[in-house]
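Any read-out appearing in this document is the output of simple, stated calculations on the displayed coordinates, not a laboratory observation. Keep in mind that this is a model prediction, so the values were computed, not measured. Neighbour counts are summed over all protein chains in view; Cβ atoms, including those assigned to glycine, are modelled from backbone coordinates with ideal geometry.
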Amino acid sequence: MEYLQAYEKIFKIINSSKLAVVATANKKGIVAASQVCIVCDDNNIYFQTDKSFEKIQNIKENSNISLNIGALSLKGKAEIIGHPTLHPKIVEKFKINHPKTYECYTNLPNEILVKINLTEAKLWGIDSSKTNNKNESILVLDFINKKINTIICDKM
């Protein structure tokens, strides 16, 4: 599989997903994870949350972030970009994809929008190119260097 094909496969999964588990860590490395509603635009992932929540404090201290969507694991840099209403294009996506989230939270004064600039994706799957047995494989996509790698995990 070539980089572009893998890239399209990854973003097809992201674009069809409504939820992700987001993991953040503070400056001491203490990790916290929570489920968030996501939208994707211009190959970035966005979520909104209350600015007093732990994940926002963690992002302020350490912008490294990880997301999980089923068999897809993503890494990136999180950027707090302000109140959701300052970004009408993203708000419209929340309104369409997450009407309850939009209705209940988007206009609250403490709501904040986070943009995730992706750096890496890992997708677990099955490598059926092996003739007699199926091996687990991990498709690794490096968004920064535009490289692809596959890790084969032999079953014993």
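What FRET efficiency comes out for K95 versus C153 if R0 is 41 angstrom and r is the Cβ-Cβ distance? Round to the nearest 0.05.
So, using R0 = 41 Å, E works out to roughly 0.50.
List the chymotrypsin sites (Phe, Trp or Tyr not before Pro) in segment 5-106 that DSSP assigns to loop (not H, G, I, E or B) and whose Cβ has at most 12 other Cβ atoms within 10 Å. Which are they?
Listed in order of number, the matching sites amount to none.
Would you please classify the overall shape of the chain from the alpha carbon gyration tensor, given that a ≥ b ≥ c denote the square roots of the eigenvalues, rounded means a/c under 1.5, and beyond that prolate means a/b larger than b/c while oblate covers the rest?
In terms of gyration-tensor shape, prolate.
Can you give the FRET efficiency to the nearest 0.05 for A71 and N107, using r as the Cβ-Cβ distance and R₀ = 41 Å?
0.75
Quick query: amide H of G82 versus all other amide H atoms, modeled in the peptide plane; which residues come in under 5 Å with a sequence gap of 5 or more or a different chain?
L113
Figure the gain on full extension for E79 and E61 (residue separation times 0.36 nm, minus the Cα-Cα span) and round it to one decimal in nm.
Once the chain is fully extended between E79 and E61, it gains 5.3 nm.
What fraction, in whole percent, of alpha-carbon pairs in segment 14-80 exceed 20 Å separation?
Numbers: 449 of 2211 pairs.
Considering segment 14-80, 20 percent of its Cα-Cα pairs are separated by more than 20 Å.
Might you report the magnitude of the Cβ-based charge dipole of the chain about its Cα centre, with Lys and Arg at +1 and Asp and Glu at -1, to the nearest 20 debye?
Values: 21 positive and 16 negative charges, 27 e Å.
Dipole about the Cα centre, nearest 20: 140 debye.
Could you tell me which of N145, Y7, T24 has its Cα farthest along the dipole of the chain towards the positive end, charges placed at Cβ (Lys, Arg +1; Asp, Glu -1), taken about the Cα centre?
T24
Please tell me which of these pairs span more than 32 angstrom C-alpha to C-alpha: K28/K89; K27/K122; K9/K93; K27/K95; K28/K100; K89/K146?
Exceeds cut-off: K28/K89; K27/K95; K28/K100.
Can you pull out the trypsin sites (Lys or Arg not before Pro) in segment 1-42 that DSSP calls coil and that have at most 13 other Cβ atoms within 10 Å? Before the final figure, lay out the partial values.
Numbers: sites: K9, K12, K18, K27, K28; in loops: K18, K27, K28.
The qualifying sites are K18, K27, K28.
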